[in-house]
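Coordinate-derived values only; no laboratory data. Everything numeric here is computed off the predicted structure, so don't read it as measured data. Because the Cβ atoms are built from the backbone with ideal geometry, glycine has one as well, and the counts that use them run over all protein chains shown.
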Amino acid sequence: MQKLNYSLLFVLCCAALYLTGCGRRAPKADEDQMVLHLSLPTKAQTLDSGNMRDVYGMMVAGNIYETLYKYHYLKRPYEVIPVLAADFPTISDDNLTYTIPIRQGVFFQDDPCFPDGKGRELTAHDFVFAIKRIANVKYRSQNWTIFKDRILGLDEFREYTTDFKEEWAVDYSYEVEGLKALDDYTLQIILVRPWPQMLEIALGDTASSPLPREAVDYYHSEIGHRPVGTGPYRLNVWRRGSYIELVRNENWRGELYPSEGEESDAEAGLLDDAGKPIPFADRVIFRVIEEAQPQWLLFMRGELDSSGIPKDNFNEAIDASVQTLTDDMRARNIELHTYVDPSTFWVGFNLRDPVLGKNKPLRMAISRAINRQEFIDLFANGRGMVAHGFVSPGMNSYDPDIHTYGFSRYDPAEARELLKEAEAVHGGPIPPLTLGMPGTDTFARQYGQFLQKYFSQVGMRLDVNYMDWPTYLAELNNGHLQLFSSGVSASVPDAIDFLEMFATKYFAPGGNKFYYSNPEYDTLLDRVQVMFDSPERTELYRKMERMVMADYPAVFTTHQVSYALTHGWYKNYKPHTFSYDVLKYRRVDGEQRGEYRDVLAELKKK
Amino acid sequence: MTAFIIRRLLYTVPIVVGVLLVTFVLFTLVGGDISYQIAGRDADAETIAEIRREYGFDKPRFIGEAGERLNSQFFDHFKNALTFDFGYDLNREKITERIWRGVGPSLALTVPMFIGTLVISISLSLFVAFVRGSIWDVTLVVICVAGMSIPYLSFIIFGQYFFAYQLDWFPIFFVPDQSIWVSVALPVLIGIAAGLGNSLRFYRTVMLDEMRCDYVRTAFAKGLSTRTVLFKHVLKNAMIPILTNVVLSIPYLILGSLLLERFFGIPGLGDMMIQAINARDFFVLNAMTFMMSLLIVVFTLLTDICYAWVDPRVSLE
């Protein structure tokens, strides 16, 4: 009897284990719907378009909100096209007044903030409200820098909002001369000075997405969790920090898959769906997976459609000798996509520092002393490019000959010679220098030690001050750091973002953290800032880059190269570094996805 | 008993004040001005000033100005903690709501893990104490030491890779549209396996101490069965260290498991803590530290009360 009891207990335990997970099979939720399974490496901070700057928030929100303009999905070089604008703007002769026709028949998604819960039609007033809201100082939007000193009367409106106690009390009927809805379908923007990149930087950015006033009034501080947009998807579920589910927006105006692209797109199958109505997927699921191992295992098991390559799994995915997929990846029908991120990283010099500021040979010596290629090999598995200039190769005006100038040459012998010169300028041995490093994690420490090694190899000493992010930012913006590790990623393919980092008028807390000041450069910047794209402007951009590089305000180290993997069933994937509204183009071949289990079984047998 | 409880509750006052002071100094003075982080990289002075005003960073640190001495950052910190109004996190979400939301998943993971570890380790410890010196005892001790020597992370990485990925017995990661028990099954088993070595060794020592006592020999001499001696006498007398271990573990159960939650995507408080650390969200960290200290104080008191309950020799007067 006792034996029977133990047996029964054992059976019950097994049953419990089975019910709670053991012996499970793959979930079958996708059978009747097309679902995209994606991951986010960190949680989306907010889905409030007006105060959003985190990449992962934008990866989600870019499919909920829409902007007036955006970049074409397939065409390269990137080409701006209207989205919520009915057409391109009419621009006055002085390039200051933009009259933008708004597309008619666009509706917000259904939401309880509207009467009867039915989304109303989009009007030009919604754009005015969205931009004024960013200017509201009480809203304290991170996106204010986009619009600061740009639109006539908007800075005065910001000043006006300082008198209010809180964000919600501000009266938005206050008239801004340069930002008006002439009627329901016409938006007028008058600029303080010409702004050739306005369409891309401001009107193509998620920040300027139209937001219904009703939603802000209804949700108040909850608006960050209750996005109300006009995009192809709407938020269905958001378990903060773990799971986001988007579903089709029934009110979406509809669009067709593009029928034009690059020459290679047809061969790559990217035009197979040309002219078909989008979005293809019924649902999009984002899972927040912060650790590399589960993210990688889920992808390898086919539970995620795409993935980056974690550092520890690089050799499993890529044959390093030829930088292509390994046989195992090919057997799984996994595809590799590589693209240059529009990013540049550097070790910056504070040119107000008495040791570094007036000692160009010293700055040159440091630049010559750092082996950038070794950094790329050691820290990024070769996924990077040496930064020969500060403009990323992803930019339209990138100078393909910039490497010939040798600004980022690794030459320790020359560095030693330059150091002697630097000591003469300084009037004695160079004292130990201090680098402000954002972060106290393993990577930060390894990077700090890497730099220290190269400094010591040429006879210099570098102390590294590892800091938490707020302290680093405060010290950086107050000009207290002697050297600092930093980087930037461009939001548009126009290099103006990079060039403005070296203007005297943008000294920190603006973008110029180097305190680089060159009157000739400033004059040129004023000139190019109001120039529309042209060969002349491209030449000036390149000239300005060389001017800065020749003054060595930083050791420009790397441009990041991204590797993305997708399963064969994930169709229409083309990396797009400047748009987040890409999921409507993506499609899943359900049959192919279903067959992956057989592929896994086959691989297991082998 | 009542006097004891009142006295112990009064002891908690300086402890709580001390915790509040330490967290304030750590997060406010040492942690840097978080306004810059909230404002973003190139924010202008007005935005930073507005953030400082909203979060009260523009107030004096410890003592307010004449006429409003209590209008300072420290008193705000004090008041918010005592009223359990921790305000908003960096993403403008109510911290109290986040904590409530995270408690359930954390407990779903840690309670079965804790009970499983406890039941298995106490049962095994009774067994090995009884057969001490035998091959069973030596083998289990060796396994325990080996288990204790392997880092916790290795258990997680191996367990996730082998049982979830290779054998496909469990989900690799949290499955939102299924019962939470499906997602916590593997982490619970990993947690039990990883914690067993330490726990078993502890309880084995406790049981061995008891087994050497005279009353055990007397019980056997009187002809009581092994089961009666072990479960009725030895286990009951070993309750004090077991209770200490159990009750003092409860606050940590509520806090969740940092690594397991992160690797398996369990949306509990442990995961929330790591996210807060990574995002440098001092508001959340501050709230969690305070809550944790409060729980420890309360459960320490509870442990003392339980002593009197299980052991008549203990007097709380």
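Within the same chain, lysines fewer than 8 places from B:Lys59 are excluded, and of the rest, those with a Cα less than 19 Å from its Cα are A:Lys138, A:Lys165, B:Lys79.
Among B:Ala49, B:Ala238, B:Ala129, the largest mean-square fluctuation in a Gaussian network model of chain B (Cα springs under 10 Å) belongs to B:Ala49.
Charging the Cβ of each Asp and Glu at -1 and of each Lys and Arg at +1, and nothing else, the dipole of region B:95-310 about its Cα centre rounds to 660 debye. What fraction, in whole percent, of alpha-carbon pairs in region A:111-171 exceed 19 Å separation? Tail fraction, whole percent: 39. Each listed q (0.13, 0.16, 0.18 Å⁻¹) maps to a log10 I(q)/I(0) for region B:127-225 from the Debye sum over equal C-alpha point scatterers, namely -0.63, -0.78, -0.87. In the protein assembly as shown, a dipole from Cβ-located charges (positive for Lys and Arg, negative for Asp and Glu) runs towards its positive end, and of A:Leu600, A:Tyr541, A:Gly394 it is A:Leu600 whose Cα lies farthest in that direction.
In loop segments of region A:158-213 as defined by DSSP, the GluC sites (Glu not before Pro) with at most 16 further C-beta atoms inside 10 Å of their C-beta are A:Glu166, A:Glu175, A:Glu177.
Shape annotation for region B:95-310: C-alpha extents along the principal axes are 62, 44, 29 Å, from largest to smallest. Averaged over peptide A:471-477, the number of partner chain Cβ atoms lying within 10 Å of each residue's Cβ comes to 6. Looking at the P(r) of region A:3-256, how many percent of alpha-carbon pairs lie beyond 30 Å? Counting pairs separated by more than 30 Å, the tail of P(r) holds 35 percent. Based on alpha carbons, the Rg and Dmax found for region A:343-560 are 16.6, 49 Å. Note on B:152-165: average number of Cβ atoms from other chains within 10 Å of each residue's Cβ is 2.
Long hydrophobic helices in chain B: the complete DSSP H runs spanning 20 Å or more by Cα along their own axis with mean Kyte-Doolittle hydropathy of at least 0.0 are B:2-24, B:95-130, B:135-149, B:180-211, B:239-255, B:282-310. The mean sequence distance of close C-alpha pairs (under 8 Å, at least 6 residues apart), as a share of the length of region A:3-256, puts its relative contact order at 25 percent.
In this Cβ point-charge picture (+1 for Lys and Arg, -1 for Asp and Glu), chain A has a dipole of about 1880 debye about its Cα centre. Take region A:500-555, drop everything but the C-alpha atoms, weight them equally and run the Debye formula without solvent; then report log10 I(q)/I(0) at 0.26, 0.29, 0.30 Å⁻¹ to two decimals. Here the Debye-derived log intensity ratios amount to -1.07, -1.21, -1.25. Here is how the number arises for chain B: DSSP H runs of 4 or more residues each give -39500 (n - 2.57), the sum is divided by the residue count, and the result at 222 nm is -22000 deg cm²/dmol.
Taking amide H as placed 1.01 Å from N in the peptide plane, A:Val561 has its amide H under 5 Å from the amide H of A:Asp341, A:Gly384, A:Met385, each at least 5 places away in sequence or on another chain.
Each of B:Ser35, B:Val128, B:Gly268 was scored by the projection of its Cα onto the charge dipole of the protein assembly as shown, and the greatest displacement toward the positive side belongs to B:Val128; charges sit on the C-beta of Lys, Arg, Asp and Glu. The trypsin sites (Lys or Arg not before Pro) of region B:225-317 meeting both criteria, a DSSP state outside H, G, I, E and B (loop) and at most 16 other C-beta atoms within 10 angstrom of the site's C-beta, are B:Arg313. Judged by the mean number of other Cβ atoms found within 10 Å, the most tightly packed of the peptides A:122-133, B:215-226 leads the ranking A:122-133, B:215-226.
The relative contact order of chain A comes to 18 percent, based on Cα pairs under 8 Å that sit 6 or more residues apart.
Mean per-residue shielding of peptide A:283-290 is 3, counting Cβ atoms of other chains within 10 Å of each Cβ. Ranking A:Asn63, A:Gly384, A:Leu40 by Cα position along the charge dipole of the protein assembly as shown, where only Lys, Arg, Asp and Glu carry charges on their C-beta atoms, puts A:Leu40 farthest toward the positive end. Its relative contact order, with pairs defined as Cα atoms under 8 Å and 6+ residues apart, puts region A:343-560 at 36 percent.
Annotation: amide H-H contacts under 5 Å for A:Ile151 (H modelled 1.01 Å from N, sequence separation of 5 or more, or interchain): A:Val192. Its Cα centre serving as origin, region A:93-182 has a Cβ charge dipole (Lys and Arg +1, Asp and Glu -1) of approximately 260 debye.
Remark on A:Thr186: its backbone amide H falls under 5 Å from those of A:Ile102, A:Ala124, a criterion applied only to residues 5 or more positions apart or on other chains, H modelled at 1.01 Å from N.
Taken over region B:203-309, the percentage of Cα pairs per 5 Å bin, counting from 0 up to the bin with the maximum distance, is 2, 11, 15, 13, 12, 11, 10, 9, 7, 5, 3, 1, 0.
D by Stokes-Einstein for region B:26-133, Kirkwood Rh over Cα pairs, 25 °C, 0.890 mPa s: 135 µm²/s. For region A:492-533, chymotrypsin sites (Phe, Trp or Tyr not before Pro) are listed when DSSP marks them as loop and at most 15 other Cβ atoms sit within 10 Å of their Cβ; the list is A:Phe532.
One equal scatterer on each Cα of the protein assembly as shown, no solvent, Debye formula: the resulting log10 I(q)/I(0) at q = 0.05, 0.10, 0.11 Å⁻¹ is -0.36, -1.32, -1.52.
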